[in-house]
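Student: This is the structure I have questions about; it appears just below.
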Amino acid sequence: MMRSTVHGKGVRLGRGSSGLAALLGIVMLFAAAHDAPAASKTPDIFGIWMALESKSPNYAPQFKNKPNTPAPEFTAWGAVKSKEQGRLGVELPTPGACEPINPAGYLGGGLFPNQILEGHNQIVLMNEWVAVPRRIYTDGRAHPPAEDMLPSWQGHSIGHWEGDTLVVDTIGLNGRTRPLNGYFANAVSATPASLKVPRLPSSDQLHLVERIRLVGNGNILEVTRTITDPKAYLHPFSNTAYLERRPDLDVQEYYCADNERRTDEGH
């Protein structure tokens, strides 16, 4: 037995007093946790998204895609590549008609749905038009050092949340993807109409920064891209695309080589 004095009166504490104190401590801990503000959750950007069209009920003038600003200016190398990729009827020397699009155009324009998936240490992007997924690592890792970087179609992407905005940083491209212009700028096959706007090539020095956030009551995804490629352009430029949530769609299997225009449509 042990004896304690409270307000001058003797109080006997039995052998279970230490257990009682521990129990009181746990109760107080739960009470403090209940009173603490709930941990902030990241916005729900996950699901199926597709380019927002002007006829959609979700459309509003403020959600119209914003063009490249300032206008891209080529380096000497970039100007040569732009002409090469604008040859009528062919996509030579690169990129090939079925090679993956640039990550700068992965989310956004086109006739195909996009899916954003959440993993335990990464976010995965899938585009029905592109056979290669994009992986955005969100576990705090950095880009690999240059000597360990393995150049790839979609590069190496790391991401973190700044408030309600997912910031994605991508480097490590192989420089072999299709032009940056996107599907509706006819980056699939050159035509006289598409060549009125120069094709926008990219190199293995491309550095892409994307800022992704929900707008329009959570039904619209805003993707603002800043492109820095000192081999192809004299200065960085940015653009913004808007997508709408489409829970009525699924990403299907699609492979370009099974749908070649020259084979299926004769051109």
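The values are calculated or read from the model by the stated rules, or taken from the named source; none is laboratory data. For clarity, every value in this text was computed on a predicted model and none was experimentally measured. Positions of Cβ are generated from backbone atoms using ideal geometry, with glycine treated the same way; all protein chains shown enter the neighbour counts.
Student: Quick one: count up the residues across the stretch 200-227 that are of a type outside the set (D, E, K, R) and part of a strand (DSSP E or B). Give the derivation first.
Tutor: Filtering the stretch 200-227 for residues of a type outside the set (D, E, K, R) gives 200-203, 205-209, 212, 214-221, 223-224, 226-227.
Okay, now just the ones that are also part of a strand (DSSP E or B), so 207-209, 212, 214-215, 220-221, 223-224, 226-227.
The qualifying residues number 12.
Student: With the structure loaded, tell me whether Ala51 is over 22 Å from Gln205 (Cα atoms) and modelled with pLDDT of 60 or more or whether it fails that test. Don't jump to the end; show me each part of the working.
Tutor: Values: over 22 Å from Gln205 (Cα atoms): yes; modelled with pLDDT of 60 or more: yes.
Answer is yes for this residue.
Student: Ok, one more. Any chance the stretch 254-267 includes a residue that's in contact with a helix residue (DSSP H, G or I) (Cβ under 7 Å, 6 or more places away or on another chain) and modelled with pLDDT under 80? Don't jump to the end; show me each part of the working.
Tutor: Going through the stretch 254-267, the residues in contact with a helix residue (DSSP H, G or I) (Cβ under 7 Å, 6 or more places away or on another chain) turn out to be 267.
Add one more test, that the residue is modelled with pLDDT under 80, and what stays is 267.
Yes - at least one qualifying residue is present in the stretch 254-267.
Student: Quick one: in the stretch 168-199, of everything that is in contact with a helix residue (DSSP H, G or I) (Cβ under 7 Å, 6 or more places away or on another chain), in a loop (DSSP other than H, G, I, E, B) and hydrophobic (A, V, I, L, M, F, W, C), which residue is modelled with the lowest pLDDT? Break it down into steps so the answer makes sense when it comes.
Tutor: Just the residues of the stretch 168-199 that are in contact with a helix residue (DSSP H, G or I) (Cβ under 7 Å, 6 or more places away or on another chain), to begin with: 170, 180, 182, 185-186, 189, 194, 197-199.
Adding the requirement that they be in a loop (DSSP other than H, G, I, E, B) leaves 180, 182, 186, 189, 197-199.
Among the residues that remain, those that are also hydrophobic (A, V, I, L, M, F, W, C) are: 180, 197.
Values: Leu180: 89, Val197: 79.
By that ranking, first place goes to Val197.
Student: Among the strands (runs of 3 or more DSSP E) confined wholly to the stretch 112-165, which include 2 or more residues that are surrounded by fewer than 18 Cβ atoms within 10 Å (Cβ to Cβ) and touching a residue at least 60 places away in the same chain (Cβ under 8 Å)? Before you say what the answer is, go through the steps one by one.
Tutor: Values: elements: 114-118, 122-127, 134-137, 156-162.
Fully inside the stretch 112-165 and qualifying: 114-118.
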